[in-house]
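*Asks:* Take this structure, written in structure tokens, and hold onto it; I'll ask about it next.
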Amino acid sequence: MASRVTRNDRDAAPNPDGPQGAGGSEGPARVADEHALVAREHSGGPAHERGLALVVTVSDGVASGVRQDASGDGLDRRLRDLGFGVDRAVVPDEQRQIEHLLVAAAGDHDLILTTGGTGLTPRDVTPQATLAVIAYEVPGIPELMRFEGGRSTPYAYLSRAVAGILNRCLIVNLPGSPRGALDSLAALEPILDHALVTVAGPFEHESRPETGPDRRG
């Protein structure tokens with residue numbers, strides 16, 4: 001069964017399939033299936049200024065509940081500060097599950113940031129999963145993140161992060177450490193708006209850069 005991602009629209013009705021948080025429709029509702037745990041909030045406020053983002057934490061420890069999702073929490077706060085609406089998802093380090101989640105989520109989100117699984121161990125499979133589903137890569141983004149990260153530590157160059165486009169959604173792999181994830185997002189911030197506007201279209205040329213449903217009309 002493919003992963004299900006619930007949108008975090010502030011005007012959305014509460015999800016009938018998942019339990020409500022302690023605060024009812026004003027609190028977080030968490031939806032679980034075999035591949036992902038997605039958090040959604042129903043809070044008042046203006047529409048998302050810069051689009052809807054999904055933060056995907058790829059971690060066996062977080063998925064099993066034995067580790068705190070510090071990286072996902074940090075990215076969530078920063079994206080909200082930047083004006084994004086934010087959804088959350090957690091998956092273990094399993095390539096097929098990551099692939100299913102990315103495919104399910106891309107049609108409903110402008111930006112997907114994964115955190116975790118970009119290192120050199122056999123369980124680090126986030127780049128492989130991303131490459132398996134995107135229509136095409138945006139190699140300059142991970143190059144920029146590695147360059148900026150390399151100013152602080154040479155270990156940044158060991159990241160295998162990739163970035164690419166699926167259904168007009170920009171998908172970017174970030175490191176799993178809280179500092180590495182936030183530093184990589186900071187490197188991306190100066191070009192993020194232009195990237196998202198370009199990906200969203202409309203396109204001036206007749207040929208489209210990818211196949212698949214057009215979720216933005």
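Nothing in this text is a laboratory measurement; each read-out follows from the coordinates by a stated rule. From a predicted model like this one, the values you see are computed outputs, not experimental measurements. No Cβ is skipped: glycine too gets one built from the backbone with ideal geometry, and neighbour counts run over all protein chains shown.
*Asks:* Relative contact order, percent, of the range 28-200 when contacts are C-alpha pairs under 8 Å separated by at least 6 residues?
*Replies:* 23
*Asks:* Enumerate the amide H contacts of Leu166 below 5 Å, restricted to partners 5 or more residues apart or on another chain; note that Pro and chain-start residues carry no placed amide H.
*Replies:* Ala135, Ile171
*Asks:* Using Stokes-Einstein with the Kirkwood hydrodynamic radius over Cα pairs, what translational diffusion coefficient do you get for the range 28-200 at 20 °C and a viscosity of 1.002 mPa s, in µm²/s rounded to a whole number?
*Replies:* In µm²/s, the coefficient rounds to 136.
*Asks:* Ranked from highest to lowest mean number of other Cβ atoms within 10 Å per residue, what is the order of the peptides 59-71, 176-188, 106-118, 158-170? Don't jump to the answer; show the numbers that get you there.
*Replies:* Working: 59-71: 16.1, 176-188: 20.2, 106-118: 25.6, 158-170: 22.1.
Top to bottom by mean Cβ count within 10 Å: 106-118, 158-170, 176-188, 59-71.
*Asks:* Next up: Can you give me the three principal axis dimensions of the range 102-171 from its C-alpha atoms, in Å, biggest first?
*Replies:* Each principal axis gives a Cα extent; for the range 102-171 these are 36, 25, 17 Å.
*Asks:* Report the full-extension gain for the segment Tyr157 to Arg77: residue separation times 0.36 nm, less the Cα-Cα distance, to one decimal in nm.
*Replies:* Roughly 26.2 nm would be gained on extension.
*Asks:* Something else now. Considering only Leu75, Gly119, His109, whose Cα is most displaced toward the positive end of the charge dipole of the range 64-217, charges sitting on Cβ of Lys, Arg (+1) and Asp, Glu (-1)?
*Replies:* Final value for the positive-end residue is Gly119.
*Asks:* Output the relative contact order of the range 64-134, whole-number percent, from Cα pairs under 8 angstrom with separation of 6+ residues.
*Replies:* 29 percent.
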